[in-house]
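Beneath this line is the structure, given in structure tokens, with notes to follow.
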Amino acid sequence: MIAAIRHTVRENVAQPFVIFAIILVVAILGLSAIGISMKYENGVLVAVELFGNTVDQDLFLVAPALTSVFSNIVPAMLMFLFIIGASFVHVGMLQHPLTSLSLIGPLSRPGLFIAKYLGVWSLVTSVLAFFWVLLWLLLLIKSSGQLGGSLLLVPISASLEFAVLLSFAGLIAMIIQNSTAVAIISLGMYFYVGPLLGTATDSSPAFVKIIAAVFPPIAGMWAATRDCILGNPADFTPFLRAVPHTVVMLLSALIIFQRKDLS
Amino acid sequence: MSVVVEARSLSKAYRSGVRGRPIQALEEVSLSVEEGEIFAVLGLNGAGKSTFTKIFLDLVRPSGGEALLFGMPVGQHRWKGLVGYLPELFSAPAFATPRSVLRYLGGIHGLRGSRLNQRVDSQLETLGLGDVADRRVSSLSKGTIQRVGIAQALLHEPKVLFLDEPTEGLDPAAQRMIRTLMKALSESGVTIILNSHLLSEVERLAHRVAILHRGRLKAMGDLAALLPPNQDLHTLEEVFMLHTSLTDQRP
């Protein structure tokens, strides 16, 4: 299984979704390193320079714009790329010639499926950790130790989010076997259905609450990641609530894979 | 000699779509192959040869009947590690090299450390891949990739080999080398199930032949049995044409 995990990492490290993600994080880190300077006095932000120009407007306007970029746009762009990548992994496994050769060895079908899952998950987690840890270091240096605190929790939170999404994409892949359709459904789930279901409250109609319970709590997980970026106290219970969803989705995908005829 | 591969009334129907009519790929096929035999499965495209092989590799589930390897049902997986497989049109990821493909599949088969290195080097040498061992698969010719496929099938020293068109894309010298290799493997007790369209190759190699047509076993036996002297059949090609209903196309 270790060999299959290693192979999955190697197979995906040069895929466009990883390359684009790395280009994106390197660009953000580079621009942040070169373009942003912060000045603190007695722990209070008193001046911000963007590419050598002192920001004249009220800092109360600049700071939210910058934090919005880091807390919403950057994680959303990364997750967009990772979901597209995830959509191709399990469909690719069904069609790849090395799959049949792997399965005639002692590796079982569930073993191969889990190896693909763990391989992609560990690759994405590595990219997330690389980005957020370096950003944390950068902000720590630039703000003379004032910023950065909970950023170290972001790779954990974001990789757990991705673990849930990957199991969802894996299940859909086993059902429809079309990478493009899996990508569209998974992106719709993450960016539209999940946040929409997250608006369900105790006073929502019963059927809305039932549907919201069937799907993983994506809005809650997203909020936890955002709170980690913003340095707010984060609620990690949505990740615990997503464990049964993830297990059920993975088991269902495994059962379907186990029964499938392979080419 | 013990029976290694056995099909008992083996059937497979594929269903296309939810309401699609089932397509019968194999129908009540029964046969057995003994240890050390080279057994050729012949048939036109779509005759069920690949389905037959894939059922024995547990890649395709039979709709009926039983597939046994070493006397055990295929689904029990006790055969894993004892079987080698060369799929038709073998391919590998473009980023990989022959060495990395062999190392990966060797790892899957439980080979580790110096044993893995030794087996990989030995297969690269046997198949004449030493010079291209570290070149990307995307830069290799079709014939060289096919040799990588054969090398991976032999890597873990299997007891049974399922070879789907093993000499496809190879030049005459490489074809001859593969035939010699197959004969040597058979003599050392390895059972070979050979799917091939090259009837001359089958005539030279196979101990016994099975002819499938539209999923049914139409004929089986050694060449002497398939070419009875009292009938007007002189070559395997004529027998093949007869059983696949193409006699009218004979010159």
### B:Leu223 paired with B:Ser91, simple spin-label distance in nm, labels 7 Å along Cα-to-beta-carbon
3.5
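For the pair B:Asp232 and A:Val13, what calculated FRET efficiency results from E = 1/(1 + (r/R0)^6), where r is the Cβ-Cβ distance and R0 = 45 Å, to the nearest 0.05? Provide the component values of the computation, followed by the final result.
Numbers: r = 62 Å, r/R0 = 1.38.
Between A:Val13 and B:Asp232 the formula returns 0.15.
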### Message
Students often forget the sequence filter, so: which aspartates and glutamates lie under 19 Å Cα-Cα from B:Lys183 once same-chain residues fewer than 8 apart are removed?
### Response
B:Glu34, B:Glu35, B:Glu37, B:Glu125, B:Glu157, B:Asp164, B:Glu165, B:Glu168, B:Asp171, B:Glu201, B:Glu203, B:Asp222
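I want the antiparallel fraction of DSSP beta bridges within the protein assembly as shown, as a percent rounded to 5. Walk me through the numbers on the way to the answer.
Values: 29 of 47 bridges.
Antiparallel bridges: around 60 percent, rounded to the nearest 5.
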### Message
Let's test the formula: R0 of 51 Å, r as the Cβ-Cβ distance of A:Ser252 and A:Ala27. What FRET efficiency results, to the nearest 0.05?
### Response
0.85
#### Entry: Inter-site label distance for A:Val133 and B:Ser9 at 7 Å from Cα along Cβ, in nm
6.1
### Task
Any chance you could list P(r) for the protein assembly as shown, counting all Cα-Cα pairs in 10 angstrom bins from zero, rounded to whole %?
4, 16, 22, 20, 15, 11, 7, 4, 2, 0, 0
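When the gyration tensor of chain A is built from Cα positions, what are the square roots of 5 times its three eigenvalues, in whole Å, from largest to smallest? Provide the component values of the computation, followed by the final result.
Working: eigenvalues 279, 104, 40 Å².
Square roots of five times the eigenvalues give 37, 23, 14 Å.
Could you give the size of the charge dipole of chain B about its Cα centre, using +1 on the Cβ of each K and R and -1 on the Cβ of each D and E, expressed in debye and rounded to the nearest 20?
Details: 29 positive and 26 negative charges, 211 e Å.
So the dipole magnitude of chain B works out to roughly 1020 debye.
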### Task
State the extension gain, in nm to one decimal, for the chain segment bounded by B:Arg21 and B:Leu82, taking 0.36 nm per residue of separation less the distance between their alpha-carbons.
18.3 nm
### Task
Count, for each residue of B:107-117, the Cβ atoms from other chains sitting within 10 Å of its Cβ, then give me the mean as a whole number.
4
### Message
Could you give each residue of segment B:202-215 its phi-based ³J(HN,Hα) in whole Hz, using Karplus coefficients 6.51, -1.76, 1.60 with θ = phi - 60°, and x for Gly or Pro?
### Response
4, 4, 6, 9, 6, 6, 9, 9, 10, 10, 9, 9, 6, x
### Message
Based only on Cα atoms, what mean projected area does the convex hull of chain B have, in nm²?
### Response
15.5
### Summary
Between the modelled labels at B:Thr126 and B:Asp171 (7 Å from Cα along Cα→Cβ) the distance in nm is 2.3
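Let me confirm one metric for peptide B:94-105, namely the mean number of other chain beta-carbon atoms within 10 Å of its residues' beta-carbons. Don't skip to the answer; put the middle values down first.
Details: counts 1, 5, 4, 0, 0, 0, 2, 3, 0, 3, 9, 7.
That average works out to 3.
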### Query
Which percent of Cα-Cα pairs in segment A:121-208 sits in each 5 Å bin, short to long?
3, 12, 15, 15, 15, 14, 11, 8, 5, 2, 0
### Message
Checking understanding here: applying a Kyte-Doolittle mean of at least 1.0 and a length along the axis of at least 24 Å (C-alpha), which whole DSSP H helices in chain A pass?
### Response
A:16-35, A:74-95, A:109-142, A:154-176, A:237-259
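R0 = 30 Å: FRET efficiency of A:Ser263 with A:Asp235, Cβ-based, nearest 0.05? All intermediate terms of the calculation are to be shown ahead of the outcome.
Values: r = 45 Å, r/R0 = 1.50.
After rounding to 0.05, the efficiency reads 0.10.
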### Residue (of B:Leu111, B:Gln24, B:Ala173) at the positive-pole extreme of chain B, dipole from beta-carbon charges
B:Leu111
### Query
Can you give the three extents of the C-alpha atoms in segment B:120-221 along their principal axes, from longest to shortest, in whole Å?
45, 27, 23
### Overall Cα dimensions of segment B:65-135, principal axis frame, Å, largest first
46, 29, 21
### Task
Determine the percent antiparallel among the DSSP beta bridges restricted to chain B, to the nearest 5.
55
#### Entry: segment B:22-163: projected area of the alpha-carbon convex hull, averaged over directions, in nm²
9.8
### Task
Select from A:Pro244, B:Gly215, A:Val44 the residue farthest towards the positive end of the dipole of the protein assembly as shown; place +1 on Cβ of Lys and Arg, -1 on Cβ of Asp and Glu, and compute about the Cα centre.
A:Pro244
### Task
Could you give me the radius of gyration and the Dmax of segment B:51-93, taking only the C-alpha atoms into account and expressing both in angstrom?
11.4, 36
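If contacts are Cα pairs under 8 angstrom and at least 6 residues apart, what is the relative contact order of segment A:176-263 in percent? Before the final figure, lay out each step's value.
Working: 48 pairs, mean separation 17.9, N = 88.
Once divided by the residue count of segment A:176-263, the mean separation gives 20 percent.
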### Nearby lysines by direct alpha-carbon distance to A:Lys142 (threshold 21 angstrom, same-chain neighbours under 8 apart not counted)
A:Lys39
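Under the definition of partner shielding as Cβ atoms of other protein chains within 10 Å of a residue Cβ, what is the mean value for peptide B:82-91? Mind dumping the intermediate values first?
On the way: counts 1, 2, 3, 5, 1, 6, 1, 1, 3, 3.
What the average comes to for B:82-91 is 3.
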### Message
Can you classify segment A:1-129 as rounded, prolate or oblate using the Cα gyration tensor, where a ≥ b ≥ c are the square roots of its eigenvalues, rounded means a/c under 1.5, and otherwise it's prolate if a/b beats b/c and oblate if not?
### Response
prolate
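Which percent, to the nearest 5, of DSSP beta bridges fully inside segment B:128-251 are antiparallel? Write out the running numbers ahead of the final one.
On the way: 5 of 10 bridges.
Restricted to segment B:128-251, the bridges split so that about 50 percent are antiparallel.
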### Message
Step by step: find N for segment A:182-263, compute 2.2 N^0.38 Å, then divide the Cα radius of gyration by it. What's the final number?
### Response
1.30
### aspartates and glutamates whose Cα lies under 14 Å from that of B:Lys12, excluding same-chain neighbours fewer than 8 positions away
A:Asp261, B:Glu27, B:Glu28, B:Asp58, B:Glu66
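No lab work stands behind these numbers, since they all come straight from the coordinates. Just so you know, these numbers come straight off a predicted model, no measurement behind them. Positions of Cβ are backbone-derived with ideal geometry, glycine not excepted, and every protein chain shown enters the neighbour counts.
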